[in-house]
1. Could you grab me the full set of residues in the stretch C:192-218 that are of a type in the set (Val, Ile, Thr) and touching a strand residue (DSSP E or B) at 6+ places or on another chain (Cβ under 9 Å)?
2. If a residue must be in a helix (DSSP H, G or I) and either in contact (Cβ under 8 Å) with a residue 40 or more places away in the chain or in contact with a His (Cβ under 6 Å, 6 or more places away or on another chain) (or both), how many such residues does the stretch B:119-137 contain?
3. Assess whether C:Leu55 counts as being more than 8 Å from chain A (Cβ to nearest Cβ), of a type in the set (A, V, I, L, M), in contact (Cβ under 8 Å) with a residue 60 or more places away in the chain and not in a helix (DSSP H, G or I).
4. Residue under question is C:Ser136, and the condition is that it be surrounded by fewer than 20 Cβ atoms within 10 Å (Cβ to Cβ) and either farther than 23 Å from A:Ala311 by Cα or more than 11 Å from every other protein chain (Cβ to nearest Cβ) (or both); does it hold?
5. Just to be sure, is B:Leu99 without any contact (Cβ under 8 Å) to a residue 40 or more places away in the chain and within 11 Å of chain A (Cβ to nearest Cβ)?
6. Among the candidates C:Asp183, C:Asp170, C:Asp145, which residue alone is of a type in the set (Asp, Glu) and over 22 Å from A:Ile187 (Cα atoms)?
7. State which residue pairs qualify: first residue under 17 Å from A:Val11 (Cβ atoms) and at pLDDT 75 or above and inside the stretch A:137-165, second residue of a type in the set (D, E, K, R) and surrounded by 19 or more Cβ atoms within 10 Å (Cβ to Cβ) in any location, beta carbons under 8 Å apart, and separation of 6 or more residues or different chains.
8. If only one of B:Val122, B:Val117 is within 10 Å of chain A (Cβ to nearest Cβ), among the aliphatic types (A, V, I, L, M) and in contact with an Asp or Glu (Cβ under 8 Å, 6 or more places away or on another chain), which one is it?
Amino acid sequence: MRSWIFLLVTVAIGAVVFFGARYLHNDYLFFAGYVVLEYLVLATAWNILGGYCGYVNFGTAAFFALGAYTSVAIHKFWPMPIPVLILLGGVVSGVVGLGMGYLTLRLRGAFFSIATLALAVVVQTLITNWDYVGGSRGAYVVRPAMVPLVGSYIQYLFLVMLTLAIIAVFAARMIERSWLGYGFASIRDDELAAEASGVPTLRLKLVATTLSGAFMGMAGAPLPYYVGYLDPASGFNLAYAVNSIAMPLVGGTTTWIGPVIGALLLGTVQQVATVTISSAVNLLIVGVVLVAFVIIAPNGIVGLVETRLRARSDR
Amino acid sequence: MDFPVELLINAIVAGLLLGGFYAAVTAGISIAFGILDIVNIAHPAFIILGSYIAYIVNTNFGIDPIFVSLIMLPAFYVLGGAVYQVYYASFERRGQESLRGLAFFFGLLFITEVGLVLVFGVDYRYVEASYIGPTLRFSFIDLPLRMLIPCAVSLLMMACLQLYLTRTFIGRAIMAVSQDQLALRLMAADPVRIKRVAFGISIGTAAIAGAFLIVIQPVEPSVGREYIGRVFAICVLGGMGSLPGTVLAAMLLGVVESITATFYGPSWAPAVAFGILLLTLALRPAGILGR
Amino acid sequence: MSAPLLEVEDLGKRFGGFVALEGIGLSVSSGERVGLIGPNGSGKSTLVNCLCGTLRNETGTVKFDGIELDGYSAHERTRLGMARSFQLPRPFFSMTLADNLRIPLLYAVAARRGSHLTAAEIEVRCAELLGLVGLSAKSRRWPRDLTQVEMRKLELARTMAAEPKLLIADEAMAGLSHSEIDDILALLVKLNERGVTIVLIEHIMRAVMHFSQRLIVLVSGRKIADGSPQEVIQDPEVVRAYVGE
């Protein structure tokens, strides 16, 4: 499928989703939908570095929260429209991703992953100690009730996140099919052989880390407006870290569809579980599903489908 | 100028005691990651598990927590062996340990933490023991017993481990397994079984470290996360698999953290471990061949 | 007489206390066919790794095409024109055979040229390379579906895809049958006729003797002989090193 056709199709689907939800006159759909889309962006972002390149980032929460806190910091100084905040959040998280990558990507993947774990703790510590953004007490963000043209504020936020999700998926797909995507895959398959084949592995890994971090920051930027309040506990919530890893692994890590499937599936299940059971139990479910899939179906749902198709064509 | 020498010395002493404890916490990672090359980021979860078990037994039966952990040692050893068996069958054998193995351990870490939250809630738990209150005093130097006893037992444990690894057949086989599997097979030792024993020992140390933890400080499920950065920082700094190196590195980290906490406030402590970790990683020789 | 393509002077490499290579000096002229032999553990693979940038040598210099390679990473050296095949084939398992060849085309050849290759050019070159090694029928298959021999051929094809001036084949023929060895040798000779300088690292003596214009012998990290195959095999030191081989 040509790229611009893909874009048109996704925009069309997005429009259907948005206007469909409006038609149903249920604001809760927008609240829940926002979270699912947020996870879609996070899962797609994670997958650029984790699935395509094979480098596991445990610090999703750090990049995400940096985007959220950039919004808070700027809001206190000079309130800006959300799209601008998204861009700025993306820049901040992207730069942090680049910096951290530069320090750790020369080494084995395991060290990079450990460093991301530690990074999450450190960024949380730094922000908890930064009183300008509220420190451990948190910060309040006042949001307008209505937005012209669109309707209620939550619908506006939903639309923003929907747009971001479309952009993220489109970008992931474009990367995957480009020379860059081949380079990423070669790094994932065999970094030594990739270097010997002329692939500038460090440079590509830095690109992946920066892009991944940037999208995570962009996903986090609207968060203070979604909730109206932001504190380290909610910004650095472990749910972000585990979901951004579980969703691509469940859906399938080698292609852009995997995170989408994983996010839609797991995200929806969690939204339902939070309402019907409890939010702690739903996190437990995600953890168990992650471990189960990693052991039993390492290539995710996409992998299972591919195996089924291949078996059929080999016959 | 009145430089607070007494404060500094006390900070250093406290740091050394803390370092002894950190050594016990890291011992398992030194074995699992340093020697076996298994990135078990769930290790802190096993430690917290040990803490909670010590808490339950201590609260219900009044038994000393460190004693409880010694009794729990065999159970944790078996648990470690089981976890390794799954890890080996699912990942190591298929050569997929990087992405999937990491995700596996992360999943375990997560499930443990959330499970503990569901069962015990997020309140801090603590144990009662005769040595938790008192403090020894030598002129101006404070030696809280709740830090001193775990530190002493920890160093004893490290010494025993080192003896085991260097003097027994299985211990030496463990040291060798990371370097030359073929030679091991020729010596009629099964590398998989050796690794299972080693990983079992690794998780066994977590039981003991867990008891130390809850003696030193109150525990709640998310406490484990702070330790991930610490244990890997110490493991890398200590030379990846050298137990004496681990002890030294742990003491160093303990002292630096203690001084930072004393003069700049305790909320900066996690950042210290990360800083040291980054520094150590940055100074390692570059290259894809890593170690 | 033009300058040699590859010039190595006093190269040394240690692993902790173990001296893997010491005082290695050699040169390879453009268009030559050089064989590198030595007992197991003599340092051949270490030498290759140092030449190609996978390992850093502590002492000595490596000059390729007049350029001193110190500080050049592995991928930069490949772009300059030095490519190597791995002793144990390392294909990209998640890609088809054709895509495996695409990587060096996209990254080594394109970088050297300064512009991306068109899709058509890539198709043509992949097809040509697969045809050269006899794997055309399997261009859309996956590496895990290949036999050992086919994987070695793929490995060679991928090395050739980088369009090197100097190709280092690291034990490309181990475990192959008589006729398979002849196939690979014929392939390498064909490449050489096109102008590619080849360094063949091998244990299989008849292949090396037949192929090489010059033979270099490594024992315990040192070069002990360097000359025509006939001279070298009669060298008493070489004979001593191979007693029992």
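The values are calculated or read from the model by the stated rules, or taken from the named source; none is laboratory data. What you are looking at is a predicted structure, and each value in this text was computed from that prediction instead of being measured. Cβ: placed from backbone, ideal geometry, glycine included. Neighbour counts: every protein chain shown.
1. Applying the first criterion (of a type in the set (Val, Ile, Thr)) to the stretch C:192-218 yields C:196-199, C:201, C:204, C:208, C:216-217.
C:Val196, C:Thr197, C:Ile198, C:Val199, C:Ile201, C:Val208, C:Ile216, C:Val217, listed by residue number.
2. Qualifying residue count for the region: 1.
3. In short, no.
4. On the way: surrounded by fewer than 20 Cβ atoms within 10 Å (Cβ to Cβ): yes; either farther than 23 Å from A:Ala311 by Cα or more than 11 Å from every other protein chain (Cβ to nearest Cβ) (or both): yes.
Criteria met by C:Ser136.
5. Values: without any contact (Cβ under 8 Å) to a residue 40 or more places away in the chain: yes; within 11 Å of chain A (Cβ to nearest Cβ): yes.
Spelling it out, B:Leu99 is indeed without any contact (Cβ under 8 Å) to a residue 40 or more places away in the chain and within 11 Å of chain A (Cβ to nearest Cβ).
6. Residue meeting the stated conditions: C:Asp183.
7. Listed pairs, sorted by first residue: A:Met161/A:Glu38.
8. Exactly one residue qualifies, and that residue is B:Val122.
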